[in-house]
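A short write-up of the structure that comes next.
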Amino acid sequence: MSKYIHGTDPEEQERLTLLNTVLLNEACLKELSLSGGEKILDVGSGLGQFSRAMARAAGRTVIGVERSDEQIAEAVRQASKDGEKDLVEFRKGDARSLPLRDDERGTFDLAVTRFVLEHVPDPLNVVKEMVRAVKPGGRVVLADDNHDILRVYPEIPGFADLWKAYMKTYSALGNDPDVGRKLVSLLHDSGARPVRNTWIFFGSCSGENRFDIYVDNLIGVIDGAKEEVVRQGLFEEKKFTDIIASFEDWRERPDAALWYAVSWAEGIRS
């Protein structure tokens, strides 16, 4: 059974909203190169901001599959508030057994998943489900993390060890913090034909107008896993708190920089 270590409380939902709407969705849409009219399946749709962005670009309703009642409720609330409730049909379900009718399978032009495969113990099953959902010639797009590429500079004392402890929580839960490097292999092993891979740069530096949002996102990711990191005995709680606090000094440095990238891979169903 998979476990999403960041939870679904309001603070986490706020972090995800900013991650999507300010930092990531525009770049992801550019990589998708939608031409309009595509029938799209969003696997692990979360709060639905990217689902809605794809629906706007495609000009038709997207089906978004999400297993969390809390995330679906917030996704519907946000969509309704923005007057976009009809852009996404949210369905509760598991990515490993997609809630699709028999007459829907094999009909999608595009199936997309972001930041899901790192949180499941059997990512190949998820990708196989996505391949079955698209029609012959349809695209399967995987975007996920390879956590060990993160760098902050100048280095924050103790941060590298804390980040390693954070990554170990994934392994302890049966998940994979380095699944990003495996996306092409997952496409191949699922029966799709890999055709493209790239990076989406996810970083910033002092002086860039979104730098504080990037830093807040990183702090939120780590701090949101604090309970699990401490519970597993991977890091001492006071030291954890002190290192997180040190980010406030670090972000004021004129030479502070955060380097990261999201792994992206695409395949075609034969």
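Derivation of every value follows stated rules applied to the coordinates shown; laboratory data play no part. Worth saying up front: this structure is predicted, and the values here are computed from it rather than measured. Because the Cβ atoms are built from the backbone with ideal geometry, glycine has one as well, and the counts that use them run over all protein chains shown.
Summary table
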| item | result |
| --- | --- |
| All aspartates and glutamates inside 15 Å of LYS85 as judged from Cα atoms, apart from same-chain residues fewer than 8 positions distant | GLU74 |
| Spread of Cα-to-Cα distances over 10 Å intervals beginning at zero, given as percent, for the range 1-70 | 19, 48, 27, 5 |
| Under 17 Å from the TRP259 label point (7 Å along Cα→beta-carbon), backbone N, the range 175-213 | 199-206 |
| Estimated 222 nm signal from helices in the chain, with DSSP H stretches of n ≥ 4 weighted -39500 (n - 2.57), rounded to 500 | -11500 deg cm²/dmol |
| Expected-Rg normalisation [2.2 N^0.38 Å, Cα atoms] applied to the range 1-127 | 1.00 |
| Debye-sum result for the range 68-209 in log10 I(q)/I(0), which assumes one identical scatterer on each alpha carbon, at q = 0.14, 0.16, 0.22 Å⁻¹ | -0.86, -1.05, -1.33 |
| Loop trypsin sites (Lys or Arg not before Pro), the range 82-159 (other Cβ atoms within 10 Å of the site Cβ: 12 or fewer; DSSP) | ARG101 |
| ³J(HN,Hα), Karplus 6.51/-1.76/1.60, whole Hz, each residue of the range 105-111, x for Gly, Pro | 5, x, 10, 7, 7, 8, 10 |
| Dmax and Rg, reported as Rg then Dmax, of the chain (C-alpha, Å) | 18.5, 57 |
| Nearby lysines by direct alpha-carbon distance to LYS238 (threshold 22 angstrom, same-chain neighbours under 8 apart not counted) | LYS164, LYS168, LYS226 |
